[in-house]
Amino acid sequence: MTHPITEADVRHVAKLARLHLSDQQVQRFTEQLAHVLEYVAKMDELDVEGVEPMAHPLDLKNVLRDDREVPGIDPGVALSNAPQRDDPFFAVPKVIGDGPSA
Amino acid sequence: MRLECDGMALGCNSLIELRDAIATGKVSAVDAVRAYLDRIERYNKKLFAFREVYADSALARARQVDAGESRGRALAGVPVAIKDCMCSTEGTTACSSRMLANYRSPFTATAVQKLIDAGAIVLGRTNMDEFAMGSSTEHSAFGRTLNPWNTDCVPGGSSGGSAAAVAADLCAAALGSDTGGSIRQPAALCGVIGLKPTYGRVSRYGLVAFASSLDQIGPFARTIPDAALMLSVIAGHDPLDSTSAPGNMDAFDVEQPVQNLRIGIPAQYRSDANHPAVSAAWDEAIAVYQDAGAKIVEVELPHTEYGIPVYYIVATAEASSNLARYDGVHYGHRAQNPADLIDLYCKSRSEGFGDEVKRRIMLGTYALSSGYYDAYYNRALKVRRLIKQDFDNAFFQGRGCDAILCPSTPGPAFKFGEKMDDPLAMYLNDVYTVNSNLAGNASISLPGGFVEIDGKRLPLGVQLICPAFEEAKLLRIARMHEKATGYTQHRPPLDV
């Protein structure tokens, strides 16, 4: 159904997943993922025409709570694990600058 | 009948025995906590079942219980353990990952809070495969947990710390989480009971998400009545988890055998890949139910072999999405000196996650990426439906089985390192457990016997599977096996 996964695929996916991989990791992951995907291809043996996809085991739909105010998490508490903060905000490196690296 | 036992904490054979001893004043909660802390002190250094121990707060809680604070509650004074992926305001909720090594949760998971509200005393949190991804607990960023029966062997995973802690009697019971077998597989490999409740039975609020349509919290226990009690405490609808099922669990009597019992035996689980001792434990369990008057019927679960392929697409797809939140911004590990924001994300994630987590994020991202979504993810969801229909046919159509009886794992505990370089071999350990997660069934692994390997006994598990929300029946059927075999009374020699 699909071509075997290549090192180029792995590099592309790593970029999508925001992961830096070393050349050695790329090589190893390509082999390991190819092995797993080969096994996954077993699914192709089945005719699934007309089968409804099952994303979830429960038949719950549109679970809504009553529209009333309830206490939420305090901003100070929400920020308590922030690696860097500038209250009441999370702080990150400059976003607009000399152009993206990735 | 206690074989090769080195002495249980306070001589109690079960959580309920200990709970009653505390309630009647025979044992104080402080003594109970001290007895367990002593055992942890003695054994945990080597076994590494607990990743963090809360000695001071546990003793403080015990003093409150002895002062009468939790009198009459279901678990008053009972020392328990929680898995490292369950948020609590005590200590660090690290998911056994470098990513969350310093994370202090501002809230407590509902299941953990329910234990505390019932009077239980949390002794600490147990080691696990990082983000619950693994079947051996070798993927923890903090070190490996040893199997109390043979310390050259893995305890299973991902809830390996909880299973080992209960097996070695370092706590009266423990919580684990099961996404593809992460409670049942380590329970089987450590010779304890591991219950995966129906999806939605127990709130997932405060459970660090791995695969949201599969994750479920459940108990490890030494006896079926203990497991039933733990479940009744943690079960129930939770407004904080929109996928928790409506309604609560009705009280039930686990001692009541199921009448006109029909046990289904799936032909597809008779595999050459099964260790002969696993097949023998399965046959013995079949005989137990036959002797109890049950009707044994062959059932077909023709899509069994597609479970692993479906699971490793669905679970990794959901994981790749869930783990996108670890970006080094809001909490968790942040890399030093990033070039810019994107570099901050990439560096933080690359430094914070271990290889197995990266591998699964990669697989899931690939399965969801443009051009592959239909071939992998959507196809997997369709096959998932077929797997669910297999169970429905066995339970509700023609065959009308009350439960399906099968092995928990293809073999006993394996050696450290044996499957670390071959992810697929590791994944195949979950071949008999993943399908219950995909379908949303209630399942349990029971101690089913032993096999001697290298001069040491290793436990084996048998599994019972019931339809969704049939935990009461599941536990009553399991109790019949427990009473007939006495396997839950066996303890590891603990020559560590």
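Report yes if residue B:296 is more than 14 Å from every other protein chain (Cβ to nearest Cβ), hydrophobic (A, V, I, L, M, F, W, C) and within 18 Å of residue B:441 (Cβ to Cβ), otherwise no. It would help to see each step written out before you state the result.
Numbers: more than 14 Å from every other protein chain (Cβ to nearest Cβ): yes; hydrophobic (A, V, I, L, M, F, W, C): yes; within 18 Å of residue B:441 (Cβ to Cβ): no.
When the stated conditions are applied, residue B:296 does not pass them.
Within the stretch B:158-178, track down each residue that is assigned to a loop (DSSP other than H, G, I, E, B), over 10 Å from the mean Cα position of the chain (by Cα) and at negative phi. Give the derivation first.
First, the residues of the stretch B:158-178 that are assigned to a loop (DSSP other than H, G, I, E, B): B:158-159, B:168-172.
Next cut, over 10 Å from the mean Cα position of the chain (by Cα) only: B:168-172.
B:168, B:170, B:171, B:172 - these are the residues of the stretch B:158-178 that are assigned to a loop (DSSP other than H, G, I, E, B), over 10 Å from the mean Cα position of the chain (by Cα) and at negative phi.
Is there a residue being in a loop (DSSP other than H, G, I, E, B), hydroxyl-bearing (Ser, Thr, Tyr) and within 9 Å of another protein chain (Cβ to nearest Cβ) anywhere in the stretch A:31-45?
Within the stretch A:31-45, none of the residues are in a loop (DSSP other than H, G, I, E, B), hydroxyl-bearing (Ser, Thr, Tyr) and within 9 Å of another protein chain (Cβ to nearest Cβ).
It is to be established whether one or more residues within the stretch B:269-277 are touching a Pro at 6+ places or on another chain (Cβ under 8 Å) and either more than 28 Å from residue A:38 (Cα to Cα) or among the aliphatic types (A, V, I, L, M) (or both).
To start, the set of residues in the stretch B:269-277 that are touching a Pro at 6+ places or on another chain (Cβ under 8 Å) comprises B:269, B:271, B:273-275, B:277.
Those left that are additionally either more than 28 Å from residue A:38 (Cα to Cα) or among the aliphatic types (A, V, I, L, M) (or both): B:273, B:277.
Scanning the stretch B:269-277 turns up at least one residue that is touching a Pro at 6+ places or on another chain (Cβ under 8 Å) and either more than 28 Å from residue A:38 (Cα to Cα) or among the aliphatic types (A, V, I, L, M) (or both).
Please name all residue pairs, on different chains or six or more residues apart, with Cβ atoms under 6 Å, provided the first residue is in the stretch B:445-460 and is touching a residue at least 12 places away in the same chain (Cβ under 8 Å) and the second residue is hydroxyl-bearing (Ser, Thr, Tyr) and buried (at least 19 other Cβ atoms within 10 Å of the Cβ).
B:445/B:408; B:447/B:487; B:447/B:488
Taking helices (runs of 4 or more DSSP H) that do not extend beyond the stretch B:275-387, which have at least 3 residues that are among the aliphatic types (A, V, I, L, M) and closer than 30 Å to residue B:450 by Cβ?
Working: elements: B:276-291, B:307-322, B:341-352, B:355-368.
It comes to B:276-291.
For the stretch B:198-218, enumerate the residues that are surrounded by 24 or more Cβ atoms within 10 Å (Cβ to Cβ), more than 9 Å from chain A (Cβ to nearest Cβ) and among the hydroxyl-bearing types (Ser, Thr, Tyr).
B:203
Take residue B:269 and tell me if it is more than 9 Å from chain A (Cβ to nearest Cβ), crowded, with 18+ Cβ neighbours inside 10 Å and in contact with a Cys (Cβ under 6 Å, 6 or more places away or on another chain).
Working: more than 9 Å from chain A (Cβ to nearest Cβ): yes; crowded, with 18+ Cβ neighbours inside 10 Å: yes; in contact with a Cys (Cβ under 6 Å, 6 or more places away or on another chain): yes.
Criteria met by residue B:269.
Among all residue pairs at least 6 apart or on different chains, which show Cβ distances below 6 Å where the first residue, located in the stretch A:46-67, is within 8 Å of chain B (Cβ to nearest Cβ) and the second is assigned to a loop (DSSP other than H, G, I, E, B)?
Listed pairs, sorted by first residue: A:56/B:213; A:57/B:199; A:57/B:440; A:58/B:200; A:63/B:242.
Step by step: first the residues of the stretch B:118-136, then only those that are closer than 15 Å to residue B:90 by Cβ and not hydrophobic (A, V, I, L, M, F, W, C), then the one that is farthest from the chain's Cα centre (by Cα). Which residue is that?
The qualifying residue farthest from the chain's Cα centre (by Cα) is B:124.
Looking at the stretch B:229-252, which of the residues that are in contact with an Asp or Glu (Cβ under 8 Å, 6 or more places away or on another chain) and part of a loop (DSSP other than H, G, I, E, B) is farthest from residue B:76 (Cα to Cα)?
B:244
Only one of B:262, B:222 is surrounded by fewer than 20 Cβ atoms within 10 Å (Cβ to Cβ), among the basic types (Lys, Arg) and away from every other protein chain (no Cβ under 14 Å). Can you tell me which?
Numbers: B:222 fails: surrounded by fewer than 20 Cβ atoms within 10 Å (Cβ to Cβ).
Just one listed residue meets the conditions, B:262.
Take the stretch B:334-348 and flag every residue that is surrounded by 18 or more Cβ atoms within 10 Å (Cβ to Cβ), facing chain A (nearest Cβ under 8 Å) and either touching a Ser or Thr at 6+ places or on another chain (Cβ under 7 Å) or within 24 Å of residue B:309 (Cβ to Cβ) (or both).
B:334, B:340, B:343, listed by residue number.
Checking the structure you have, find out if any residue of the stretch B:349-356 is among the basic types (Lys, Arg), crowded, with 21+ Cβ neighbours inside 10 Å and facing another protein chain (nearest Cβ under 8 Å). So that I can check it myself, show each step before the final result.
First, pick out the residues of the stretch B:349-356 that are among the basic types (Lys, Arg): B:349.
Add one more test, that the residue is crowded, with 21+ Cβ neighbours inside 10 Å, and what stays is B:349.
Okay, now just the ones that are also facing another protein chain (nearest Cβ under 8 Å), so B:349.
Yes, there is a match, as at least one residue in the stretch B:349-356 is among the basic types (Lys, Arg), crowded, with 21+ Cβ neighbours inside 10 Å and facing another protein chain (nearest Cβ under 8 Å).
Would you mention how many residues in the stretch B:462-496 are more than 16 Å from residue B:187 (Cβ to Cβ), touching a residue at least 24 places away in the same chain (Cβ under 8 Å) and not in a helix (DSSP H, G or I)?
So the count comes out to 9.
Among the residues of the stretch A:75-93, is there at least one that is more than 7 Å from chain B (Cβ to nearest Cβ), in contact with a helix residue (DSSP H, G or I) (Cβ under 9 Å, 6 or more places away or on another chain), assigned to a loop (DSSP other than H, G, I, E, B) and loosely packed, with under 15 Cβ neighbours inside 10 Å?
yes
Can you tell me which residues in the stretch B:62-83 are touching a residue at least 60 places away in the same chain (Cβ under 8 Å) and either in contact with an Asp or Glu (Cβ under 8 Å, 6 or more places away or on another chain) or not in a loop (DSSP other than H, G, I, E, B) (or both)?
Taking the stretch B:62-83 first, the residues touching a residue at least 60 places away in the same chain (Cβ under 8 Å) are B:74-75, B:78-83.
Scanning the stretch B:62-83 gives B:79, B:80, B:81, B:82, B:83.
So if I check each of B:97, B:14, B:70, B:88, which one is buried (at least 18 other Cβ atoms within 10 Å of the Cβ), touching a Lys or Arg at 6+ places or on another chain (Cβ under 8 Å), among the hydroxyl-bearing types (Ser, Thr, Tyr) and more than 30 Å from residue B:484 (Cβ to Cβ)? Before you say what the answer is, go through the steps one by one.
Working: B:97 fails: touching a Lys or Arg at 6+ places or on another chain (Cβ under 8 Å); B:14 fails: more than 30 Å from residue B:484 (Cβ to Cβ); B:70 fails: touching a Lys or Arg at 6+ places or on another chain (Cβ under 8 Å).
Selected residue: B:88, the only one of B:97, B:14, B:70, B:88 that is buried (at least 18 other Cβ atoms within 10 Å of the Cβ), touching a Lys or Arg at 6+ places or on another chain (Cβ under 8 Å), among the hydroxyl-bearing types (Ser, Thr, Tyr) and more than 30 Å from residue B:484 (Cβ to Cβ).
Within the stretch B:305-312, is even one residue more than 9 Å from every other protein chain (Cβ to nearest Cβ), under 21 Å from residue B:409 (Cα atoms) and over 27 Å from the mean Cα position of the chain (by Cα)? Before the answer, list the steps.
Kept after step one, since they are more than 9 Å from every other protein chain (Cβ to nearest Cβ), are these residues of the stretch B:305-312: B:307, B:311.
From what is left, the residues that are under 21 Å from residue B:409 (Cα atoms) are B:307, B:311.
The next check asks that each one be over 27 Å from the mean Cα position of the chain (by Cα); those that pass are none.
No; the residues of the stretch B:305-312 include none that is more than 9 Å from every other protein chain (Cβ to nearest Cβ), under 21 Å from residue B:409 (Cα atoms) and over 27 Å from the mean Cα position of the chain (by Cα).
Residue-by-condition table, conditions (1) assigned to a helix (DSSP H, G or I); (2) under 29 Å from residue B:481 (Cα atoms):
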position	(1), (2)
B:119	no, no
B:123	no, no
B:141	no, no
B:156	no, yes
B:180	no, yes
B:187	yes, yes
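Run residue B:92 past the list (1) over 30 Å from residue B:239 (Cα atoms); (2) in contact (Cβ under 8 Å) with a residue 40 or more places away in the chain; (3) among the β-branched types (Val, Ile, Thr) and report the number of the one that doesn't hold.
(1)
No lab work stands behind these numbers, since they all come straight from the coordinates. For clarity, every value in this text was computed on a predicted model and none was experimentally measured. Neighbour counts run over all protein chains shown; Cβ positions are idealised from the backbone, glycine included.
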